[in-house]
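Asker: Before I ask anything, let me first share the structure, which is written out below as structure tokens.
The values are calculated or read from the model by the stated rules, or taken from the named source; none is laboratory data. Computed from a predicted model, the values in this text were never measured in an experiment. We place every Cβ from the backbone using ideal geometry, glycine too, and count neighbours over all the protein chains shown. In case anyone asks, the SASA skips ligands and DNA or RNA and just uses the protein heavy atoms, side chains included. Shrake-Rupley method; radii C 1.70, N 1.55, O 1.52, S 1.80 Å.
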Amino acid sequence: KQLRTTMMMLATKATTTRALLGVSPSLRRLKGRLWSHKCLELDTLGRLRLGRMSVKKLRELTKAPLRDLLQLGLSGSDAIPCVLPREKATLVHFGSIKAVIGTETTLFFDADSDHVRRAARRIARTLHNDELPFELVILEGVLRESCAAYARRKSLYGPVVEKWSLKSTDDLLRLAELGNALEQFQSETKAAIDVLVDLLASDEDMLGLILSPPGHPTAAASATTASPIPSDDDFDQKNSTDHSVVELLLESYHRRLVHVHSSVTSLRGQVAASRDLARVAIDVRRNNIIRFNLYLSVTSVGLAVTTAIAGLFGMNLVSGLENADSAFLAVASGSSIAGAAVAVVARLALDSVLYTKVGDHNSDRIALSAMLRNINDLEHLVLREKHSSHNIGGSLSRDDVRSLLEKRRRGQKASNSRGALALSSSSKPSVVKVSDQEVDLVFDVFASDDENDDDGRANAQHHRKIDLSKAAALLDDDENDPVAGGAPSGR
């Protein structure tokens, strides 16, 4: 009897709980919020509406398996970039935008994010384009917003890298954090590029991005010129046209992402170079500390000699010098001179081992950077002067190289200034100077050692000349190219 009473009580509680879960509106809303996600719904008229969408309803709308929906990362878990064409919708996770694109509506998730809301509003303003289906307009908008976000992020990293790589080369911790951030950004852009590469490699996926039925205005426009009964050739031609449209769209944004990725790679290279330079600076400081310790050791050797002499004469033994008037001064001065002589000799020997000539490394670095940055000027200079009418088979002196480089760079600087801003009439002509170190580097590249004077290295350094024939041979001119067939002699 007690067991029957207990079972009846449990059954009553279970019935009450089921009734509350099924009937109570507040509990139903709570249950719906737990299993649904906030989203922005965009229709073909450009109207945005805030709502919620459950995973179950998403599966019914998209006919996509659950594993594909999980790749969107709607629950906040880490998700990888993807563009998945499915039967009734395209699942997109590109950059920070997560969307489900259909033929008449698009759902943008993470609706609480300001970035997603602004991107959705900008995409809604582009729906006036009737040349493309609705889903392709949305897909292009998602790609455009993501590529623009990547480009803005790259532009923000640029000044930070320039500042910390040039002014704080001794701060390894900041450089390490900056390198880690750039590495993560580079991996994100690489993953986005891989998504577009996979789409471009699959013709089926590219055609699957177009979900609109043949009744779309573009299809109707093409059907007016076609026969009433479409043939297999018409179907193949439509697929070819759709394929070309999607391919051109993807290739355009693929090039943008590749440009951003290469820029991030260059920034990482700057950070890595700065990190290596910081390590070298730390090694130099460590070497200076070691050298200082060696100098202290050398000084200790000199003091040891003085201490040994003082200890020898300070023994409590009778030597006959105890009563001498000048013995103290002689011993003290002699031991000091001996200790100083030992210290000086040891210091000179140490300097002969450790000494390295230190020049103006900063100016050399600037000159090398300028030459490498304008490396194309050297090719232009050598080939132009070799084939010029007044210098065929001739050579170039230091003054010739300097004047030609300055003239070419002044022209490039003036051209860039006109392209960026209109120069005012009162603006002064641009001044470009080529340093002696840069000219020396040019001669180190093109002038051989046997061209030096025999009067001495110092004099030969200023009298060297560049043989244009040998310099052109070093550049592998087109005249030596059997494929090119040689250049005309009068060019």
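Asker: For residue 115 and residue 281 in the same chain, what is the full-extension length gain: residue separation times 0.36 nm, less their Cα-Cα distance, in nm?
Answerer: Working it through step by step, the gained length comes to 55.5 nm.
Asker: Here is a follow-up. Assign unit charges at the C-beta atoms only (+1 for Lys and Arg, -1 for Asp and Glu), then state the dipole size of the stretch 240-332 relative to its Cα centre in Debye, rounded to the nearest 20.
Answerer: Here the size comes out at about 220 debye.
Asker: Apply 1/(1 + (r/R0)^6) to the Cβ-Cβ distance of residue 67 and residue 379, taking R0 = 45 Å, and write down the FRET efficiency to the nearest 0.05.
Answerer: So, using R0 = 45 Å, E works out to roughly 0.25.
Asker: Ok, one more. For residue 288 and residue 332, FRET efficiency with R0 = 41 Å and r from the beta-carbon atoms, rounded to 0.05?
Answerer: The pair residue 332/residue 288 has a calculated efficiency of 0.75.
Asker: Treating only the Cβ atoms of Lys and Arg (+1) and Asp and Glu (-1) as charged, compute the dipole magnitude of the stretch 82-135 about its Cα centre; round to the nearest 20 debye.
Answerer: On the way: 8 positive and 8 negative charges, 38 e Å.
So the magnitude is around 180 debye.
Asker: Take the alpha carbon gyration tensor of the stretch 34-117, find the square roots of its eigenvalues, order them as a ≥ b ≥ c, and report rounded if a/c is under 1.5; if not, report prolate when a/b exceeds b/c, else oblate.
Answerer: Because its axes are fairly even, with a/c under 1.5, the stretch 34-117 counts as rounded.
Asker: Quick one: grab the alpha carbon gyration tensor of the stretch 253-298, order the square roots of its eigenvalues as a ≥ b ≥ c, and give me rounded if a/c is under 1.5, else prolate or oblate depending on whether a/b is larger than b/c.
Answerer: Values: a/c = 12.16, a/b = 11.84, b/c = 1.03.
Because a/c hits 1.5 or more and a/b exceeds b/c, the stretch 253-298 counts as prolate.
Asker: A 26 angstrom limit on the alpha carbon distance is what I want to check against. Which of 63/190; 154/407; 413/470; 98/163; 98/190 exceed it?
Answerer: Correct reply: 63/190; 154/407; 413/470; 98/163.
Asker: Once the other residues with Cβ under 11 Å from the Cβ of residue 122 are scored (Lys, Arg +1; Asp, Glu -1), what is the net sum?
Answerer: Charge balance near residue 122 sits at +4.
Asker: Tell me, what HN-Hα J-couplings in whole Hz come from the Karplus equation 6.51 cos²θ - 1.76 cosθ + 1.60 at θ = phi - 60° for each residue of the stretch 286-292, using x for Gly and Pro?
Answerer: Ordered by residue, 3J(HN,Hα) equals 5, 5, 5, 5, 5, 5, 4 Hz.
Asker: Just reorder 88, 1 by solvent-accessible area, largest first, 1.4 Å probe, all chains present. Let's see the in-between values first.
Answerer: On the way: 88 100, 1 185 Å².
Accessible-area ranking of 88, 1, largest first: 1, 88.
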